[in-house]
1. Would you check which residues across segment 3-14 are touching a Ser or Thr at 6+ places or on another chain (Cβ under 8 Å) and open to solvent by 40 Å² or more (accessible area, probe 1.4 Å) and list them?
2. Any residue at all in segment 51-58 that's acidic (Asp, Glu), under 20 Å from SER185 (Cβ atoms) and outside any loop (DSSP other than H, G, I, E, B)?
3. Among residues belonging to segment 375-420 that are over 29 Å from ILE490 (Cα atoms) and of a type in the set (A, V, I, L, M), point out the one that is least open to solvent (accessible area, probe 1.4 Å).
4. Find the residue count for segment 140-166, including only residues that are in a helix (DSSP H, G or I) and of a type in the set (Ser, Thr, Tyr).
5. Within segment 421-440, track down each residue that is surrounded by 17 or more Cβ atoms within 10 Å (Cβ to Cβ) and not polar (S, T, N, Q).
6. Go through segment 192-223 and count every residue that is touching a Ser or Thr at 6+ places or on another chain (Cβ under 7 Å) and in a loop (DSSP other than H, G, I, E, B).
7. Suppose the filter is in contact with a helix residue (DSSP H, G or I) (Cβ under 6 Å, 6 or more places away or on another chain) and basic (Lys, Arg); does LYS63 pass it?
8. So, in segment 281-295, how many residues would count as being more than 19 Å from PRO6 (Cβ to Cβ), in contact with a helix residue (DSSP H, G or I) (Cβ under 9 Å, 6 or more places away or on another chain) and open to solvent by less than 10 Å² (accessible area, probe 1.4 Å)?
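The values are calculated or read from the model by the stated rules, or taken from the named source; none is laboratory data. Only a predicted model underlies this, so the values are computations on that prediction, with no experimental measurement involved. Heads up, the Cβs are rebuilt from the backbone with ideal geometry, glycines too, and the neighbour counts pull from every protein chain shown. These area figures cover heavy atoms from the full protein model, side chains too; ligands, DNA and RNA do not enter into them. Shrake-Rupley method; radii C 1.70, N 1.55, O 1.52, S 1.80 Å.
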Amino acid sequence: MNYCTPEKMGISSADIQSFLQMLERAELATHDLIIMRRDQIVFEHYWKPFHKDFQHRMYSATKSFMSLGIGFLEQDGLIGLDDKLIDYFPEEAKELTDDYFRSLTIRQMLMMRTARQRRSWFPVKPQDRVLDYFQNPSPTAHHPGTFFEYDSNGSFILGALIERVTKKPLMVYLREKFLDKIGFSKEADMLSCPGGHSWSDSALICTATDFLKAAQFCMHKGNWEGEQLLNKEYIEQATSCLVPTFPAEYPAYVHTGYGYQFWRTRDNSYFMNGMGSQYAICVPDKDIIVVYNGDNQGNDFARTIIINAIFDMVICKAQDTPLEENPQAQKALAEYSSTLELHHANGNCTSPMAERINGKTYVLDPNSMGITKLKFTFDEGGGTFAYTNAQGDKELHFGMVANRFGKFPQKGYADRIGTVAGDRLYDCAASAIWADDNTLLIDVQIIDTYFGRLHMIFSFREDLALGIYMKKKAEDFLDEYEGIATGNLIEE
């Protein structure tokens with residue numbers, strides 16, 4: 001990768017710093033940011049503990065990679081975009097009598113103009129996700145090719161189609177066709193789904209630089225170092241506005257349409273879009289690419305804040321000619337960036353209540369989380385939340401107005417296969433504050449191949465009676481940590 005100063009590419013270092021400061025003021029959980037112009041990286045930074053080699057889950061940005069795989073299949077004459085989907089799944093679809101679905105084409109599914117309402121596969125926990133899709137249809141069907149409705153299951157099925165036609169895992173096929181040629185990291189991988197299928201709608205794991213290279217590939221319309229790997233017509237179609245999206249669900253100022261598994265956005269631009277804030281924003285008119293990764297699940301405004309701010313504060317202000325070099329601003333940007341670390345809870349680090357409850361045990365009334373007792377112990381800079389639930393005794397270590405990194409203590413969450421219980425613990429960061437003298441807040445961030453957020457509120461009355469509220473934002477885990485509970489101090 002090539003690097004140069006922002007000013008050489010017509011971008012102000014001070015504008016980039018202002019954007020970073022805005023991210024911090026908005027208390028967004030940012031993991032990394034890369035800004036490239038004319039194939040030159042002008043800014044790259046990783047919020048501690050993230051780093052350049054970290055293999056980051058890209059969630060639904062995976063769909064754009066899958067779409068490129070479909071493009072290669074079409075280019076090689078292995079499929080036609082107007083082929084009927086069921087022709088590639090004759091056994092799985094043989095019992096289907098729904099004419100709307102039977103007429104669905106690959107092109108319509110690429111555009112999220114399917115014949116079914118979306119349906120989550122997580123609660124079902126199927127033995128085979130492909131079979132589940134065909135054998136458990138949505139009760140509501142409609143003409144395909146009419147309106148847009150976001151449906152991850154459809155994207156997954158397109159990935160399964162690639163694997164069926166090529167007889168190769170999706171990642172192997174993508175490596176052969178273009179990923180290895182553009183320098184994708186050897187460690188990049190994709191999780192799988194029950195039935196042995198790649199999790200092609202949500203589970204690409206790669207570095208931020210890998211993500212950037214894929215965006216470059218799209219910006220060059222399938223050409224890499226003079227070799228046309230994928231025909232530019234497919235890329236142009238895939239990244240264009242082929243179908244309007246619904247402003248009620250997707251803010252019009254951020255989402256201005258959809259192509260083949262790529263989102264459109266402001267100023268004739270498009271982006272790969274993953275849950276929680278995985279973005280590769282491509283701005284052809286300015287020849288700028290912005291990669292942003294984070295985990296802002298539960299923050300309904302994060303996407304709008306990030307995308308609007310990067311346009312308003314950096315992209316739209318970029319000049320076509322170089323700016324005068326500004327060593328002072330460049331140094332200030334570097335110094336400020338060096339201070340950035342993963343977001344943590346911000347507020348008061350002490351309260352008189354801490355001393356009153358320190359080391360005391362609470363017994364809880366029966367509750368939906370199955371927590372029977374708990375105890376807080378505080379140390380210099382943080383503490384430990386010890387509790388007992390259905391799995392036994394647990395400990396979560398947290399920092400006060402700072403992150404403490406460790407393992408989240410719940411066992412049995414998925415590992416390499418979605419929805420299938422694994423035996424390892426997820427990496428996490430936990431921070432806490434006193435919201436007032438009687439209210440302790442703990443913010444947990446899961447920072448693993450699965451990302452998630454957990455907010456825990458412990459409210460103590462003056463007589464030390466305890467009320468608990470827990471809320472999670474995570475896909476198919478942390479379910480044991482949602483609910484309300486009441487606790488009473490054990491007299492010792």
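1. Step one: of segment 3-14, the residues touching a Ser or Thr at 6+ places or on another chain (Cβ under 8 Å) are 5-7, 10, 13.
Scanning segment 3-14 gives a single hit, THR5.
2. So in segment 51-58, the residues acidic (Asp, Glu) come out as 53.
Restricting the remaining residues to those that are under 20 Å from SER185 (Cβ atoms) gives 53.
With outside any loop (DSSP other than H, G, I, E, B) added as a condition, the list becomes none.
The answer is no; no qualifying residue exists.
3. ALA414
4. Filtering segment 140-166 for residues in a helix (DSSP H, G or I) gives 152-166.
Among the residues that remain, those that are also of a type in the set (Ser, Thr, Tyr) are: 152, 155, 166.
So the count comes out to 3.
5. Once the filter is applied, which keeps residues that are surrounded by 17 or more Cβ atoms within 10 Å (Cβ to Cβ) and not polar (S, T, N, Q), segment 421-440 yields TYR426, CYS428, ALA429, ALA430, ALA432, ILE433, TRP434, LEU440.
6. In the first step, residues of segment 192-223 are kept if they are touching a Ser or Thr at 6+ places or on another chain (Cβ under 7 Å); the result is 192, 194, 198-207, 210, 218.
With in a loop (DSSP other than H, G, I, E, B) added as a condition, the list becomes 194, 199-203, 207.
Summing the residues that are touching a Ser or Thr at 6+ places or on another chain (Cβ under 7 Å) and in a loop (DSSP other than H, G, I, E, B) in segment 192-223 gives 7.
7. Numbers: in contact with a helix residue (DSSP H, G or I) (Cβ under 6 Å, 6 or more places away or on another chain): yes; basic (Lys, Arg): yes.
Against the criterion (in contact with a helix residue (DSSP H, G or I) (Cβ under 6 Å, 6 or more places away or on another chain) and basic (Lys, Arg)), LYS63 qualifies.
8. Residues of segment 281-295 that are more than 19 Å from PRO6 (Cβ to Cβ), as a first pass: 284, 293-295.
Retained after the next criterion (residues that are in contact with a helix residue (DSSP H, G or I) (Cβ under 9 Å, 6 or more places away or on another chain)): 284, 293-294.
Checking the rest, the ones that are also open to solvent by less than 10 Å² (accessible area, probe 1.4 Å) come to 293-294.
Matching residues across segment 281-295 total 2.
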